[in-house]
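The values are calculated or read from the model by the stated rules, or taken from the named source; none is laboratory data. Not measured: the values here are computed from a predicted model. In this analysis, Cβ positions are derived from the backbone assuming ideal geometry, glycine residues included, and neighbour counts consider all displayed protein chains.
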Amino acid sequence: MNTKSKQQTKQFSLRNTLSAAVILVVIFISGCKPNDNEPPKGAYETGVFITNEGPFGSGTGTVSFYNRATGEVSNNIFEIVNNRPLGNVVQSMEVHNGKAYIVVNNAAKVEVVNAGDFVSAGVIDNVGVPRFFLGIDDNKGYVSDWNSGIKVINLSNNLVSATIATGGTGAEQMAKSGNEVFVANLGGFGLDSTVAVINSLNNTLVSTINVGHRPQSLVTDANGKLWVLCSGNQDWLNPANDTPGKLVRINTSTKAVELTLTFPSASDHPLSLTTNAAKNKLYYSLNGAVYETGISATSLPSVPVINRAFYNIGIDPETGYLFGTDALDFVQNGYVLRYNISTGSAVDSFQVGVIPGGFYFK
Amino acid sequence: MEESRLENFSAGLSSIKIESSKIKNSRLLNLSEIISENSPVFMKTYGQGSLATVSIRGTGAAHAGLFWNGININTPNLGLSDFALLPAALLGDVEIQQGSSAALYGSGVIGGAVHLISKPVFIKASDISVSMLGGSFGLLDGSLLALFSNEQWYVRGAAFYRSCENNFPYINTAKFNKPEEKLVSADYYGYGATAEAHRYFRKNYIVSFHAWHSYMHRNLPPAMTGADNGEQQSDSSFRFLAEAKKIFPKSSLKARVAWLNEHQRYENKTIALINKPNTQGIVSEAEFAGELFAKIKMNAGINYTFYAANIQEYLKQRTRNQGAVFLSLLRNFDKLKWKTVLNLRQELTEGYRVPFTPSLGAEGNLWKIVSARANVSRSFRVPTLNDIFWQPGGNPDLKPESGWNAETGLFLSQSDSAKVFTPSASVSVFSSWIDNWIVWQPTTFSYWQPLNLQKVWARGLEASSELKFRKNKTESRIQIFYSYTLSTIEETSALLQASLGKQLIYVPQHNLNGILAFRWKNISLTYMQIFTGKRYTTSDNNSSLPSFTIGNTVLNYDLRLNKITVSAGVRVNNIWNTNYQAIAYRPMPGRNFSFSIIIHYSQPNQQTNN
């Protein structure tokens, strides 16, 4: 809700007016600095941003910032700088051309801030059920939207200029390869099994590629290939409809599926495909563990590199550490844990906001 | 011989009675608002007309029973009730009973219970009233009440219709520049009717029949931080209760059967989701009350309850059979003006080992007008049908929650109402432990599952006082309620250590209410102030919502024309225009008004109010 320090001040002042008065006196004595809370310019130049979804229903999401050099964590940086909450369910964040685009799912908006100091620089509305942002060029960005496909954003005025249907439902993650954008058609609240190919020069759908049920995350590798992680179908009402996850490699030139690795069990539903800085190794979460596989592997690994469940994972390209989030009970501040992948052991952890679910490594 | 278990076979618990006469000019209100104004109990409300659940003594919504003439009407799928669905027009007396009475009423009555009671009186009378009400934000409400009774019959009916645009302005603190906005998609409408008939036969037979139907359709507004998802919900309830009673000189025998049906339709347009949970319950009960020995009265009974739920996520129709045997023993020490009650109950629920539930209570006079009370009781809560059957996550291995509750208190009361000043006061302290508290937790498989995760210790203090002044044509009343509640997590999973020792979310530590009522001849003025303390919104207590104080006031004028009284009322809610949120980012209306006219015919003339 508020920053912790601000919150504590607030709590005190509410407990009784006497202590509030004391605090006020202290503030006056110490000299009122109106911009005390505002960080110096460029406080967020390099580091790791963590998006925290926030409590479901009525809460607000937040963004935390982890300073690699000092190990310091600043929570709720958007509200500290801009004096208002971000909104309900902060889904993801992307930095493009010096601006950070924070996708606020249930508030149907993308908040735009200067990436260096997090000062609000606008808001993109009318984006349906937004999931992810992808910068295309200086003037153009894409926002995936479960309702309509891709919203094309004019970055000079932050308005939606066009909508691209993706030939499927529930547009989720996007990856750019040359002038083409690959979009995972997750299915939203339903079921889909395609990846859309969009020509970003003229904003048109080129084709769709059949992969597996519920393509959830995708990355490009060192060879320019596209890897798509399909979670597989999970039908709670009829488990007989369950299908196993798949890891699929696509040739970005021919759009052909070159390799399909199917997980052994219909109850295997992997998530969170990510890659290291060299883009020669892939990581994903499955059944409460993290697995690693090389980009030339022809079978799936059977032994995990980290035996722990995370809400989401990311690899820091600077340090090579794996960042994993733990949302605990989803109604209190969660944690980010840093792991040394080669040893499989935790390096350290730090507290962030409620339901940490996404990273941006800057 | 009176038969109500609540009234006769309970001792040592504290309760707040809100007689129907107190709320008869407040037909605008729903049960949630009635409780907020007349007790220190916290109602967790999502907004005017929106979902409102009760939290008694630091427990959750599923830890309070809601009883309609002795029948638990909490839904079997959730184990709780939405108090916004119960309008004043359909209610009789309301009694808020704090503290566990699981030994009397079974599963889920841990924090306390709210009883909706209608009592027949077999005297010749007729009473008809029509009310019309209009208010801010497009509020329209009409209701009709009719009562006819004589030595054999007591027949009462009530009906209401209400609609509200509910598009009040508020400051959206979650948006850039904090604009003033109007709440969207918050309109609602509803209607309902109740009927009851009681027939007193010679040879002391009484046969009673109660029926209830209510319907409410609500659009669900987004939180300040969210966007409109086109959410809407409609709730339809049918309740029937038939009862037969035979009164002997020193005993009584009673049998009753109730049928309950709740149907809900929820839709979220954004995610194209429609849910239509439908539940039914049949509750049957037989009770015998009588004198066991010279000074010991007893009440013994059996209960059989059947629930069926048709909910898509349960995969198929799920049912539950449960039964109970119960025995209460009352010993009166007349000379000492003390009574002691022992309650024993064993509930049997299909698939569960339910703890044997005893309670022991005593209350009586200490000295002059000072009385004391104490109660120790066991409590439990069987997992709800959602806890067991919801897919994904439903957990068939859950154990019932189980707890102990102890409390004691002092109260002052002057029974002589003829005096000019009538003071009364009470203070209670309580302590409750609830083990195996069920919490839905996220799993590594991206769904949530209920677990017997926590041990919760709820303890606190409640104090209330009332002073009535009556002289000639003037009457005034001042009433104050205060509660202090600590409800903390004492044990939890290793991962959630940050929650240990922390207050449960949305349980305020402090609640303070005051009522100031003044009447002079035909004019009455009532002012109510409600202070709600800080509520934590995260289980590690790192975030909270500030406390708030709101004031409501009602001015009423009665024009008396023989047997007809015309009451004109003005009500100002949130008179200080407080900007507050009961739940994070759910806006509440600022100062708002309503005007009512009630035309009341009664025979014989019952002109006294309050």
Exercise for the section: Examine the range B:307-316 for a residue that is in contact with an Asp or Glu (Cβ under 6 Å, 6 or more places away or on another chain) and either of a type outside the set (S, T, N, Q) or within 14 Å of chain A (Cβ to nearest Cβ) (or both), and state whether such a residue exists. Expected result: no
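Quickly run through the range A:352-362 and pick out the residues that are closer than 25 Å to A:Asp329 by Cα and either surrounded by fewer than 18 Cβ atoms within 10 Å (Cβ to Cβ) or aromatic (Phe, Trp, Tyr) (or both).
Filtering the range A:352-362 down to residues closer than 25 Å to A:Asp329 by Cα leaves A:352-360.
Once the filter is applied, which keeps residues that are closer than 25 Å to A:Asp329 by Cα and either surrounded by fewer than 18 Cβ atoms within 10 Å (Cβ to Cβ) or aromatic (Phe, Trp, Tyr) (or both), the range A:352-362 yields A:Phe359, A:Tyr360.
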Practice task
Give the range A:77-93 a look and list any residue that's more than 8 Å from chain B (Cβ to nearest Cβ), at negative phi, not in a helix (DSSP H, G or I) and not hydrophobic (A, V, I, L, M, F, W, C), or say none.
Solution key: A:Gln91, A:Ser92
Fill in the blank from the handout: Checked against (1) part of a strand (DSSP E or B); (2) within 30 Å of B:Leu315 (Cα to Cα); (3) of a type in the set (A, V, I, L, M, F, W, C), B:Phe411 satisfies every condition except (2)
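Please go through the range A:311-336 and give me each residue that is on the phi < 0 side of the Ramachandran plot, within 14 Å of chain B (Cβ to nearest Cβ) and over 16 Å from the mean Cα position of the chain (by Cα), ordered by number.
Quick first cut of the range A:311-336, residues on the phi < 0 side of the Ramachandran plot only: A:311-319, A:321-327, A:329, A:331-336.
Next, from what is left, pick out any that are within 14 Å of chain B (Cβ to nearest Cβ): A:311-313, A:324-327, A:329, A:331-335.
A:Asp329, A:Val331, A:Gln332, A:Asn333, listed by residue number.
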Handout entry: Only one of B:Asp127, B:Asp82 that is over 24 Å from the mean Cα position of the chain (by Cα), over 18 Å from B:Asn8 (Cβ atoms) and of a type outside the set (A, V, I, L, M, F, W, C)
Key = B:Asp127
Practice task
Kindly indicate whether B:Asn562 is buried (at least 21 other Cβ atoms within 10 Å of the Cβ) and either of a type in the set (S, T, N, Q) or farther than 30 Å from A:Tyr335 by Cβ (or both).
Solution key: no
Practice task
For A:Val110, state whether it is of a type in the set (A, V, I, L, M, F, W, C), touching a Phe, Trp or Tyr at 6+ places or on another chain (Cβ under 7 Å), within 14 Å of chain B (Cβ to nearest Cβ) and surrounded by fewer than 22 Cβ atoms within 10 Å (Cβ to Cβ).
Solution key: no
Problem - Matching residues, the range B:424-474, being in a loop (DSSP other than H, G, I, E, B) and either within 14 Å of chain A (Cβ to nearest Cβ) or free of Cβ contacts under 8 Å to residues at least 40 places away in the same chain (or both) - result: B:Thr443, B:Thr444, B:Phe445, B:Ser446, B:Tyr447, B:Asn472
Exercise for the section: Give the residue that is farthest from B:Ser39 (Cα to Cα), with candidates limited to residues of the range B:495-523 that are within 14 Å of another protein chain (Cβ to nearest Cβ) and β-branched (Val, Ile, Thr). Expected result: B:Ile505
Practice task
Residue by residue through the range B:171-192, note down the ones that are touching a residue at least 60 places away in the same chain (Cβ under 8 Å), buried (at least 17 other Cβ atoms within 10 Å of the Cβ) and either out of contact with any Phe, Trp or Tyr (no Cβ under 7 Å at 6 or more places or on another chain) or outside any strand (DSSP E or B) (or both).
Solution key: B:Asn172, B:Ala174, B:Leu183, B:Ala186, B:Tyr188
Exercise for the section: Kindly indicate which of B:Thr553, B:Thr565, B:Thr526 is more than 25 Å from the chain's Cα centre (by Cα), in a strand (DSSP E or B), hydroxyl-bearing (Ser, Thr, Tyr) and more than 14 Å from every other protein chain (Cβ to nearest Cβ). Expected result: B:Thr565
Handout entry: Top-ranked residue in the range B:1-34 [being in contact with a Leu (Cβ under 9 Å, 6 or more places away or on another chain) and part of a helix (DSSP H, G or I); ranked as surrounded by the fewest Cβ atoms within 10 Å (Cβ to Cβ)]
Key = B:Ser20
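Report yes if some residue within the range B:225-236 is assigned to a strand (DSSP E or B) and either surrounded by fewer than 16 Cβ atoms within 10 Å (Cβ to Cβ) or at pLDDT below 90 (or both); otherwise report no.
To start, the set of residues in the range B:225-236 that are assigned to a strand (DSSP E or B) comprises B:231-236.
If we keep only those that are either surrounded by fewer than 16 Cβ atoms within 10 Å (Cβ to Cβ) or at pLDDT below 90 (or both) too, we end up with none.
Within the range B:225-236 (the criterion being assigned to a strand (DSSP E or B) and either surrounded by fewer than 16 Cβ atoms within 10 Å (Cβ to Cβ) or at pLDDT below 90 (or both)), the answer is no, since none of the residues qualifies.
Scanning for something surrounded by fewer than 19 Cβ atoms within 10 Å (Cβ to Cβ) and in contact (Cβ under 8 Å) with a residue 24 or more places away in the chain, does the range B:493-502 turn up at least one residue? Quick ask: steps written out before the conclusion?
So the first thing to find is which residues in the range B:493-502 are surrounded by fewer than 19 Cβ atoms within 10 Å (Cβ to Cβ), and the list is B:493-495, B:497, B:500-501.
Right, trim to in contact (Cβ under 8 Å) with a residue 24 or more places away in the chain and you get B:493.
Within the range B:493-502, one or more residues are surrounded by fewer than 19 Cβ atoms within 10 Å (Cβ to Cβ) and in contact (Cβ under 8 Å) with a residue 24 or more places away in the chain.
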Practice task
Would you confirm whether any residue within the range A:264-272 is closer than 30 Å to B:Ile489 by Cβ and surrounded by fewer than 18 Cβ atoms within 10 Å (Cβ to Cβ)?
Solution key: no
Exercise for the section: Identify the single condition in (1) closer than 28 Å to B:Lys534 by Cα; (2) surrounded by 15 or more Cβ atoms within 10 Å (Cβ to Cβ) that B:Phe469 does not satisfy, given that it satisfies every other one. Expected result: (1)
Problem - Residues that are of a type in the set (Gly, Ala, Ser), in contact with a strand residue (DSSP E or B) (Cβ under 6 Å, 6 or more places away or on another chain) and either within 14 Å of chain B (Cβ to nearest Cβ) or not in a loop (DSSP other than H, G, I, E, B) (or both), drawn from the range A:180-209 - result: A:Ala184, A:Ala196, A:Ser207
Completion exercise
Scanning the range B:194-224 for residues that are surrounded by fewer than 18 Cβ atoms within 10 Å (Cβ to Cβ) and within 23 Å of the chain's Cα centre (by Cα) gives B:Ala195, B:Phe209, B:Ala211, B:His213, B:Tyr215, B:His217
Practice task
Tally the residues that are within 14 Å of chain A (Cβ to nearest Cβ) and over 26 Å from B:Phe238 (Cβ atoms), restricting the search to the range B:249-282.
Solution key: 4
Practice task
Among the numbered conditions (1) over 27 Å from the mean Cα position of the chain (by Cα); (2) surrounded by fewer than 19 Cβ atoms within 10 Å (Cβ to Cβ), tell me where B:Ser371 comes up short.
Solution key: (1)
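Identify, from the list B:Thr485, B:Thr538, the residue that is touching an Asp or Glu at 6+ places or on another chain (Cβ under 9 Å) and β-branched (Val, Ile, Thr).
Values: B:Thr538 fails: touching an Asp or Glu at 6+ places or on another chain (Cβ under 9 Å).
None of the others qualify; the one that does is B:Thr485.
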Handout entry: Residue list for the range A:331-343, filter: in contact (Cβ under 8 Å) with a residue 24 or more places away in the chain, part of a loop (DSSP other than H, G, I, E, B) and either crowded, with 19+ Cβ neighbours inside 10 Å or among the acidic types (Asp, Glu) (or both)
Key = A:Val331
Practice task
Considering only the range A:105-131, state which residues are β-branched (Val, Ile, Thr), in a loop (DSSP other than H, G, I, E, B) and within 14 Å of A:Asn82 (Cβ to Cβ).
Solution key: A:Val119
Exercise for the section: Check off (1) over 28 Å from B:Arg156 (Cα atoms); (2) without any contact (Cβ under 8 Å) to a residue 40 or more places away in the chain for B:Asn522 and give me the number that stays unchecked. Expected result: (1)
Exercise for the section: From (1) more than 22 Å from B:Gly108 (Cα to Cα); (2) touching a residue at least 24 places away in the same chain (Cβ under 8 Å); (3) not β-branched (Val, Ile, Thr), pick out the condition that doesn't hold for B:Gly394. Expected result: (1)
Completion exercise
Reported set for the range A:49-63 where residues are within 13 Å of another protein chain (Cβ to nearest Cβ) and crowded, with 19+ Cβ neighbours inside 10 Å is A:Asn52, A:Glu53, A:Gly54, A:Pro55, A:Ser58, A:Gly59, A:Thr60, A:Gly61, A:Thr62
